[in-house]
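Just below is one structure, and these are the notes that go with it.
The values are calculated or read from the model by the stated rules, or taken from the named source; none is laboratory data. This structure is a prediction, so every number in the text was calculated from the model and none was measured. Reconstructed Cβ throughout: ideal geometry from the backbone, glycine too, with neighbour counts over all protein chains shown. The accessibility values were calculated without ligands, DNA or RNA, using every heavy atom of the protein model including side chains. Shrake-Rupley method; radii C 1.70, N 1.55, O 1.52, S 1.80 Å.
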Amino acid sequence: SHYLKQALQKLSLAADNLNDDTLLNYAISKVQIEDFPKESHDMLRFRFGEYYMRKNKYADAAASFSKVPLSSSFFPKAKYLEGLSDVKQNDLSGALRAFAALAEERRGAGATDTDRVAGLMGMARVYYQAKHWDQAIGIYRRIPRDTELWHDALFEQAWAHMRNAQFRSVLSQLHSLHSA
């Protein structure tokens with residue numbers, strides 16, 4: 001039993017480095033997180049969350065992702081996936097909290113930080129899904145032009161304008177999208 005736990009610990013660390021889900025899923029199914037060294041807990045919580053998402057256990061995934069601390073290098077991805085898990089459960093307020101926490105935490109990383117922009121896009125999409133068109137439009141406008149998601153934000157913002165019956169704004173958004 002003692003050697004089995006040690007072997008599974010090492011197996012899970014190797015599987016994480018190799019990005020091998022098969023080995024990681026096996027290790028996760030056999031060992032409790034408390035059996036691992038403290039320095040591996042963040043990685044394991046993140047990987048547990050991914051495992052639960054693949055199994056469509058979104059409540060468990062969100063709970064696991066929410067336990068990844070702010071100090072962890074896994075925090076941005078975990079917070080984003082927590083928001084996605086909440087959306088899958090139709091917990092829009094939980095998703096909004098997760099995306100807002102991600103955007104706020106990454107605020108100091110710069111306007112074009114990929115994780116910050118992903119948090120903003122998540123917030124805008126949640127507002128859109130909740131049919132809060134004005135809030136969605138306001139968040140979409142905060143997406144910087146020199147990011148990969150700007151075209152998506154512009155397109156989705158046009159749809160929010162359309163749903164909000166702001167047809168002239170839709171036309172200006174489409175002109176922006178199709179300009180050189």
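Things worth noting here:
- Meets criteria (charged (D, E, K, R) and at pLDDT 95 or above) for Arg145: no
- Condition met for Phe155 (part of a helix (DSSP H, G or I), surrounded by 22 or more Cβ atoms within 10 Å (Cβ to Cβ) and without any contact (Cβ under 8 Å) to a residue 40 or more places away in the chain): no
- Index of the failed condition, Arg97 passing every other in (1) within 21 Å of Trp150 (Cβ to Cβ); (2) of a type in the set (Lys, Arg); (3) crowded, with 18+ Cβ neighbours inside 10 Å: (1)
- Here Ile143 meets the list (1) open to solvent by less than 30 Å² (accessible area, probe 1.4 Å); (2) closer than 27 Å to Glu39 by Cβ; (3) not in a helix (DSSP H, G or I) almost entirely, failing just condition (2).
- Residues being within 10 Å of the chain's Cα centre (by Cα) and closer than 26 Å to His132 by Cβ - total across the range 63-76: 2
- Breaking point among (1) touching a Phe, Trp or Tyr at 6+ places or on another chain (Cβ under 9 Å); (2) at pLDDT below 90; (3) over 22 Å from Ala14 (Cα atoms), for Leu81: (2)
- Within the range 163-173, considering residues that are closer than 19 Å to Met121 by Cα and surrounded by 15 or more Cβ atoms within 10 Å (Cβ to Cβ), the one modelled with the highest pLDDT: Asn164
- Hits in the range 112-139 - residues which are open to solvent by less than 70 Å² (accessible area, probe 1.4 Å), outside any helix (DSSP H, G or I) and either closer than 13 Å to Gln157 by Cα or without any contact (Cβ under 8 Å) to a residue 12 or more places away in the chain (or both): Asp113
- For the range 102-111, the count of residues that are more than 14 Å from the chain's Cα centre (by Cα) and open to solvent by 70 Å² or more (accessible area, probe 1.4 Å) is nonzero.
- Count - residues of the range 61-94 that are among the aromatic types (Phe, Trp, Tyr) and open to solvent by less than 40 Å² (accessible area, probe 1.4 Å): 2
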